[in-house]
Amino acid sequence: MIDLMLQVFPVIFGVISLFCNTKTKMVVVNLLTAASWVFAFGIYGAWAGALVSAISGGSSLYAALHKKELTTVRAIKIILLMLLTILTMDIYTGSINLISYLPLFAFSFYRYGELRMKEYGYRVCGIIGGILYITYALIINSWGVAIGEMLFVTANIFYIVRLNKQKSPNLNQAKIDVTRHFK
């Protein structure tokens, strides 16, 4: 049952992310995803994974409650503190290898986007972090996480395209006076 939950919950939250049209909604979905992973990893006794997910959830909770961006220096300090906590846990559990650093880099991009960026930058950080996490999930053969992250990345790409369309003028309605160049 727990195995199924570990594979299905990321996919469910990935599908939900397709309907998250604001940063706040996406952060809440990230919080729910982190909470489900803390529960699942805790049952398995995978304390490093539970810690990473709990810290991720704490960052998401902060971003959802405060709805304001931190300064760059403060965001980087918080991310470094979180990373040091996770690295300490990795050293303590002896689970240090190159593959285990992919989630840390993904985690860094996600947290920076949540804590520092507005909507567009948050989505870009989510795409970069998602691609790193997809790579990790494929390496460890976790199809649920890979599919869920692919859905998160798809949602972020979709909303970046939508944000770009909102910012760019409609060229079909633009009135261009070409005759002024030939006078």
In the stretch 68-83, is there at least one residue being surrounded by 14 or more Cβ atoms within 10 Å (Cβ to Cβ) and closer than 23 Å to I139 by Cα?
yes
Please go through the stretch 57-73 and pick out each residue that is polar (S, T, N, Q) and either closer than 10 Å to V28 by Cβ or in a helix (DSSP H, G or I) (or both).
S59, S60, T72
Spot the failing condition for I43; the list is (1) of a type in the set (A, V, I, L, M, F, W, C); (2) closer than 20 Å to E149 by Cβ; (3) surrounded by fewer than 17 Cβ atoms within 10 Å (Cβ to Cβ), and only one is missed.
(2)
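Residue by residue, here is whether (1) at pLDDT below 90; (2) surrounded by 17 or more Cβ atoms within 10 Å (Cβ to Cβ); (3) closer than 20 Å to L51 by Cα holds:
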site	(1), (2), (3)
T88	yes, no, yes
T93	yes, no, yes
W143	yes, no, no
I147	yes, yes, no
V153	no, yes, no
T179	yes, no, no
Restricting attention to the stretch 11-34, which residues are within 15 Å of Y120 (Cα to Cα) and surrounded by 17 or more Cβ atoms within 10 Å (Cβ to Cβ)?
C20, K23, M26, V27
For residues that are under 12 Å from the mean Cα position of the chain (by Cα) and farther than 15 Å from S60 by Cβ, scanning just the stretch 105-122, find the one that is modelled with the lowest pLDDT.
F105
Quick one: T71 ticks every box in (1) among the polar types (S, T, N, Q); (2) under 18 Å from the mean Cα position of the chain (by Cα); (3) over 23 Å from T135 (Cβ atoms) except a single one, so which number is it?
(2)
Taking V8 and the conditions (1) touching a residue at least 24 places away in the same chain (Cβ under 8 Å); (2) under 25 Å from V124 (Cβ atoms), which numbered condition does it fall short on, given that it satisfies the others?
(2)
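The values are calculated or read from the model by the stated rules, or taken from the named source; none is laboratory data. Quick caveat: nothing in here was measured; it's all calculated off a predicted structure. Every residue, glycine among them, receives a Cβ derived from its backbone with ideal geometry; neighbour counts consider all protein chains shown.
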